[in-house]
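This report concerns only the one structure given below.
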Amino acid sequence: MAAAKTDPKAPFSLDSYHVSKELGFILPEPLAELPPYYKPWMDVALRIPELVQSHELRSHIDQMPLLSSSFLQKHRELRLAHLALSMMTMGYVWQEGDNNTVETLPCNLAVPYWEVSQRLGLPPILTHADGVLANWKKKDPEGPFNMENLELLVSLPGGDSVRGFFLVTLLVEVAGAPAVRNIATVINSIRCGDTEAVARALEDITQSIQDMTDTLKLMQVYVEPSIFYGVLRIYLSGWKDNPCMPKGLTYEGVRTEPMEFSGGSAAQSSLLHCFDELLGIKHEAKSGDFLTRMRSYMPPAHKQLIEDISLQPSLRNFVQQQANERLNQAFHLCVTKLLAFRNYHISIVSRFISVPAARARQLRNESHGSEEDMISRAPTALEERGTGGSGIMTFLKSVRDQTKNVFLSETSKNMDI
Ligand code: HEM
């Protein structure tokens, strides 16, 4: 048993990890406006879809003044600045699709972007922490946290499907928030040997994962696959392992050498990383390396939480040692629901990437209506790759299969699940 970096005798608490009880990893009440000095940024950031459409985004960004980042003080100011600069960067790089990418990000964008990224401990590229966790606003502040009452702060080309993609992912994060709370309960209850309390908390985590899967289903309601694949997806793509940008991107005024960063992906959501560490799920070398790398794309406090969970006494060993039927079943069901989430996610990826990619291949040399045109113009280099740069299906199936390895053989035999 390894010791946690925090005092191992103190109760495990989420307080120091920037985790909200109600919203989990979501940034509570993100700011919608920066101080007036930053108006030149927000004026452009709020018009990205129309400026990309008219091929004017790059020239607007080129004309922005070089602003100092030093007037950004609070965490939420820095998060909005990172979101706005990230969205502008994605638009700048991909404005002309994969044909006419740039090799350099101009210094008036690159320098403040780099500084803000350094202060937040985030990479200078659009991350899940920007596009999802810090990119929401309630229309009616007193109203519910649901699709009807939410809107994005900053958007990308793709209309309602972009709104749907980011907000459904946000709602999946909300559905996962009770699970995060209960991870602390599991850890504290193991420490004091309270089998019933561990079982109860695991049951709550199981329910939360089920809710995440149910919420993920909304993707099919709010996102059009041809728009996700043919329009939005390239704007989430990075400049690492991406044949469209083999050299990476030079951040002018920051470093003379180009740098490589992976694109935005919910593989950067801290939720499943926490579940894997709690349940003792280990990923094999290649997929494990990718997932570990994705942790550097999370806010540092969230990454720290995942690492600290991994240092706690093993839940799986505890379940084995207690040989308690309710606890065995709770553990088994929890892994089963996580597996079901991953299976459902694979079917989503098939619907939103593999199927449109196959249609694009089929249509490439033919002339068709507008929807097909959009799909067949999507970048071919991304067909088999996720925006984070991974070889998609092999990766996702490997991660799913590793999840099965933590089943306790006795429970699997006794339970008809
Ligand atoms: C249209 C919707 C979605 C698509 C097309 C999609 C696609 C992908 C792809 C291609 C990957 C491989 C990694 C990469 O290269 O980026 C991935 C990984 C992942 N995605 Fe999604 N995703 C979607 C929605 C979501 C949502 C809402 C979540 C919830 C948080 C999620 C969670 C994950 C996780 C945790 C991984 C890492 C693999 C794992 O742990 O099983 N995805 N996704």
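Here are the numbers for the structure shown:
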quantity: Any chance S155 is within 14 Å of the ligand (Cβ to nearest atom) and of a type in the set (S, T, Y); calculated: no
quantity: Candidate set: the stretch 103-132, residues that are more than 13 Å from L80 (Cα to Cα) and touching an Asp or Glu at 6+ places or on another chain (Cβ under 7 Å); chosen: the one surrounded by the most Cβ atoms within 10 Å (Cβ to Cβ); calculated: L105
quantity: Selection count, the stretch 125-145, where residues are part of a loop (DSSP other than H, G, I, E, B), under 19 Å from the mean Cα position of the chain (by Cα) and not hydrophobic (A, V, I, L, M, F, W, C); calculated: 2
quantity: Check on C244, within 12 Å of the ligand (Cβ to nearest atom) and either assigned to a helix (DSSP H, G or I) or within 29 Å of D62 (Cβ to Cβ) (or both); calculated: no
quantity: Segments classed as helices (runs of 4 or more DSSP H), wholly inside the stretch 249-367, with at least 2 members that are surrounded by 15 or more Cβ atoms within 10 Å (Cβ to Cβ) and within 12 Å of the ligand (Cβ to nearest atom); calculated: 270-279, 285-294, 325-349, 355-363
quantity: Selected residue (only one of S269, S161 is hydroxyl-bearing (S, T, Y), touching a residue at least 24 places away in the same chain (Cβ under 8 Å) and closer than 25 Å to Y113 by Cα); calculated: S269
quantity: Number of the condition not met by N100 [criteria: (1) in contact (Cβ under 8 Å) with a residue 12 or more places away in the chain; (2) over 17 Å from E252 (Cβ atoms)]; calculated: (1)
quantity: Residues of the stretch 21-70 classified as part of a helix (DSSP H, G or I), within 20 Å of V254 (Cβ to Cβ) and of a type outside the set (A, V, I, L, M, F, W, C), total; calculated: 6
quantity: Subset tally (residues that are farther than 15 Å from C334 by Cβ and in contact (Cβ under 8 Å) with a residue 60 or more places away in the chain) for the stretch 196-215; calculated: 1
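So that you can scan it fast, the table gives a plain yes or no per residue for (1) crowded, with 21+ Cβ neighbours inside 10 Å; (2) farther than 17 Å from H273 by Cα; (3) not charged (D, E, K, R):
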| site | (1), (2), (3) |
| --- | --- |
| N146 | no, yes, yes |
| F166 | yes, yes, yes |
| L171 | yes, yes, yes |
| T185 | no, yes, yes |
| C192 | no, yes, yes |
| D204 | no, yes, no |
| Q210 | no, no, yes |
| L218 | no, yes, yes |
| V223 | yes, yes, yes |
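Read-outs throughout are calculated quantities, based only on the coordinates presented, and are distinct from any laboratory measurement. All values derive from a computational prediction rather than experimental measurement. Using ideal geometry, Cβ is built from the backbone for each residue, glycine included, and neighbour counts are taken over all protein chains shown.
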